[in-house]
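**Student:** There's a structure below that I have some questions on.
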Amino acid sequence: MTKPITVPQPMRIEIASDHAGFDLKCAIVQFLTRQGIGVIDHGAGSASPEASADYPDYAALVAASVSRGTADRGILVCGTGLGMTMAANRFHGVRATLCHDLHMAKISRQHNDANILTLGGRVLETPVALQIVEVWLQTPFDGGRHKPRIQKIDLITKRHA
Ligand code: RB5
């Protein structure tokens, strides 16, 4: 990556992982910090299996901020990204998407206005994950026909929760 990342400012970004996502989370924090992009890190603080950290606890910290509007975007990393996605999407207004490639990262923003990116620390190579983060942060929502569709997601929570 030769070009610096530019994100719409101000963008308040929060990040968290469990133990399985710890190493990738650290790489993402370092990557963003080096680019001058601030990120609030909610933990976990170790990759050690003994310091086993439960992914719903960490998903909730970031998803609550995005849901209440104190964060614009969130990034959550566990072993596969699956558990973080499930937990984060329980929060009203959260659209968490698991992305394993650049196409999914781009479309999750353009079509779904995803506000949380979830990643699998045990499935992705770090350079690919960093590229996904870069594309995901920089891609705007297309709006238009996609807007009423994402509004219908929130209606589901309101009507059926
Ligand atoms: C932890 O072993 C693992 O289950 C977790 O990181 C995640 O992959 C769950 O979805």
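**Student:** For the list (1) among the hydroxyl-bearing types (S, T, Y); (2) modelled with pLDDT under 95; (3) farther than 20 Å from P140 by Cα, I need the number of the one condition that T80 fails.
**Tutor:** Failing condition for T80: (2).
**Student:** Let me ask something else about it. Can you go through D142, D154 and tell me which one is acidic (D, E), modelled with pLDDT of 95 or more and outside any strand (DSSP E or B)?
**Tutor:** Working: D154 fails: modelled with pLDDT of 95 or more.
Of D142, D154, the one residue that is acidic (D, E), modelled with pLDDT of 95 or more and outside any strand (DSSP E or B) is D142.
**Student:** Out of (1) within 12 Å of the ligand (Cβ to nearest atom); (2) in contact with a His (Cβ under 7 Å, 6 or more places away or on another chain), the odd one out for E14 is which?
**Tutor:** For E14, the exception is condition (1).
**Student:** Okay, moving on. Looking at (1) buried (at least 18 other Cβ atoms within 10 Å of the Cβ); (2) more than 17 Å from N89 (Cα to Cα); (3) away from the ligand (no atom under 16 Å from the Cβ); (4) of a type in the set (A, V, I, L, M), find the lone condition where A71 falls short.
**Tutor:** Every condition holds for A71 apart from (2).
**Student:** Then there's this: Would segment 16-37 turn up any residue that is over 23 Å from P127 (Cβ atoms), surrounded by fewer than 23 Cβ atoms within 10 Å (Cβ to Cβ) and out of contact with any Phe, Trp or Tyr (no Cβ under 6 Å at 6 or more places or on another chain)? Give the derivation first.
**Tutor:** Initial filter on segment 16-37 (over 23 Å from P127 (Cβ atoms)): none.
Among the residues of segment 16-37, not one is over 23 Å from P127 (Cβ atoms), surrounded by fewer than 23 Cβ atoms within 10 Å (Cβ to Cβ) and out of contact with any Phe, Trp or Tyr (no Cβ under 6 Å at 6 or more places or on another chain), which makes the answer no.
**Student:** Taking the conditions exactly as written (within 16 Å of the ligand (Cβ to nearest atom) and either within 14 Å of the chain's Cα centre (by Cα) or touching a residue at least 40 places away in the same chain (Cβ under 8 Å) (or both)), does H42 satisfy them or not? Explain how you work it out, then say what you get.
**Tutor:** Values: within 16 Å of the ligand (Cβ to nearest atom): yes; either within 14 Å of the chain's Cα centre (by Cα) or touching a residue at least 40 places away in the same chain (Cβ under 8 Å) (or both): yes.
Answer is yes for this residue.
**Student:** Within segment 85-129, which residues are touching a residue at least 40 places away in the same chain (Cβ under 8 Å), crowded, with 19+ Cβ neighbours inside 10 Å and not in a loop (DSSP other than H, G, I, E, B)? Break it down into steps so the answer makes sense when it comes.
**Tutor:** Looking only at segment 85-129, we keep the residues that are touching a residue at least 40 places away in the same chain (Cβ under 8 Å), and these are 92-93, 95, 115-124, 126, 129.
In the following step, the residues that additionally are crowded, with 19+ Cβ neighbours inside 10 Å were identified as 115-121, 124, 129.
Hits for segment 85-129 are I116, L117, T118, L119, G120, A129.
**Student:** Of the conditions (1) within 16 Å of the ligand (Cβ to nearest atom); (2) buried (at least 23 other Cβ atoms within 10 Å of the Cβ), L82 clears all except one; give me its number.
**Tutor:** Just one mismatch for L82, condition (2).
The values are calculated or read from the model by the stated rules, or taken from the named source; none is laboratory data. These numbers were taken from a predicted model, which means no experiment stands behind them. Backbone-built Cβ (ideal geometry, glycine too); neighbour counts: all protein chains shown.
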